[in-house]
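First comes the structure, then the notes that go with it.
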Amino acid sequence: MKRFSVTDFIAKKQSGQKIAMLTAYDYFTGALLDEAGIEAVLVGDSLGNVILGYDTTVPVTLEVMLHHTKAVARGCHRALIVGDMPFLTYHTGIPEALRNAARFLQEAGAQAVKIEGGQERAETVRAMVQAGIPVMGHLGLTPQSVNQLGGYKVQGRTDAAAEKLYRDAMALEEAGAFGIVLECVPSELAARITRDLHIPTIGIGGGAECDGQVLVTHDMLGIFEKAPKFVKKFGQLRDPMLQAFAAYKKEVEESTFPGAEQSYS
Ligand code: KIV
């Protein structure tokens, strides 16, 4: 089956069809998302929180992102794989940003990259697109700037902040981005941006009017006790996992596992 491409992404918006995107950080999850027909898989730097246990995404390095993107790419043959460029890998100049972005496509098997930021990143986006690297933007709550934003808060709530976010979205489209993640943005603002852009918006706490949605897979599977307000738990895997671990421990302790069926004579 043909891989979902960035042009399919835009065609979906034009035909009014919604886009489903989820995160993966490993081969197994990538393969399952692919099998389920999820169109786009984001190897998000949220792996810093979800997989590595950091408080923020700031400590995540390029090498770590490439390592996980390679694993996901081994499992995904149909979905568009978007590699998230981590903190300070696209801020220190266009040549370095290009070299780092290219590694996601050349070495790791992604078809696109995602970067955070608006007008201040437009020239970087333009250079990447001109080099043949599809770029997804990310506006609103941009976790790599958490230290500047003063926490994980809804963005674009004042008139001035909403206007800036709107202009950022227009600048990213003008620079050639093929889509924009809108994270923790009031639904009315996300709807206005979605209406005025030709490229799709992908919401995460951006309301139902976005052209698609993305969630952190571990959140939507209900693996963690706590999740942000915008998460819907489509699964409740935490308790069955805890129960399975406890049942295993008990059987090992009682010597009921392994039984004859799991043993060799
Ligand atoms: O890193 C990530 O998973 C993301 C999504 C939350 C959009 O950027």
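Average accessible surface for the chain: 50 Å² per residue, computed with a 1.4 Å probe over protein heavy atoms with every protein chain in place. Here r is the Cβ-Cβ distance between residue 264 and residue 36 and R0 is 51 Å; the resulting FRET efficiency, rounded to 0.05, is 0.90.
Return the whole-Å distance between the Cα centroid of the stretch 191-237 and the Cα centroid of the stretch 40-77. Value for the Cα centre distance between the two parts: 18 Å. Accessible area per residue (1.4 Å probe, heavy atoms of protein chains only) ranks 187, 255 as 255, 187, with the largest value leading.
Loop-located chymotrypsin sites (Phe, Trp or Tyr not before Pro) across the stretch 141-212 with a Cβ neighbour count of 14 or fewer within 10 Å are 152, with loop assigned by DSSP.
Projecting the Cα atoms of 100, 56, 5 onto the charge dipole of the chain, computed from C-beta unit charges around the Cα centre, puts 5 farthest toward the positive end.
The length gained by stretching the chain between residue 250 and residue 130 to full extension, at 0.36 nm per residue less their Cα-Cα distance, is 37.3 nm.
For the chain, excluding the exposed loop sites themselves (GluC sites (Glu not before Pro), DSSP loop, at most 14 other Cβ atoms within 10 Å), the longest remaining stretch covers 108-224. Normalised radius of gyration (Cα atoms, divided by 2.2 N^0.38 Å) for the stretch 21-125: 1.02. For the chain, the share of accessible area belonging to carbon and sulfur comes to 56 percent (1.4 Å probe, ligands and nucleic acids excluded). Once C-alpha pairs closer than 8 Å and six or more residues apart are averaged by separation and normalised to the residue number of the stretch 170-265, the relative contact order reads 17 percent.
Please find the FRET efficiency linking residue 2 to residue 161, where r is the Cβ-Cβ separation and R0 is fixed at 51 Å, and quote it to the nearest 0.05.
About 0.80, to the nearest 0.05.
Evaluated over the stretch 6-237, the count of Lys pairs having alpha-carbon atoms less than 23 Å apart is 14 (only pairs 8 or more residues apart or interchain).
The residue 58 and residue 241 beta-carbon pair, evaluated with R₀ = 22 Å, returns a calculated FRET efficiency of approximately 0.20.
Loop-located trypsin sites (Lys or Arg not before Pro) in the stretch 1-87 (DSSP state other than H, G, I, E, B) with a sparse environment of at most 11 neighbouring Cβ atoms within 10 Å: 2. DSSP beta bridges fully contained in the stretch 6-237 are about 5 percent antiparallel.
Considering only 62, 237, 80, the Gaussian network model of the chain with Cα springs below 10 Å gives its largest mean-square fluctuation to 237.
The values are calculated or read from the model by the stated rules, or taken from the named source; none is laboratory data. Just so it is clear, the model here is predicted, and its values are computed rather than measured. Don't worry about glycine lacking a Cβ; one is built from the backbone with ideal geometry, like all the others, and counts go over all protein chains shown. When the accessible area is computed, the model is the full protein with side chains, heavy atoms only, and any ligands, DNA or RNA have been set aside. Shrake-Rupley method; radii C 1.70, N 1.55, O 1.52, S 1.80 Å.
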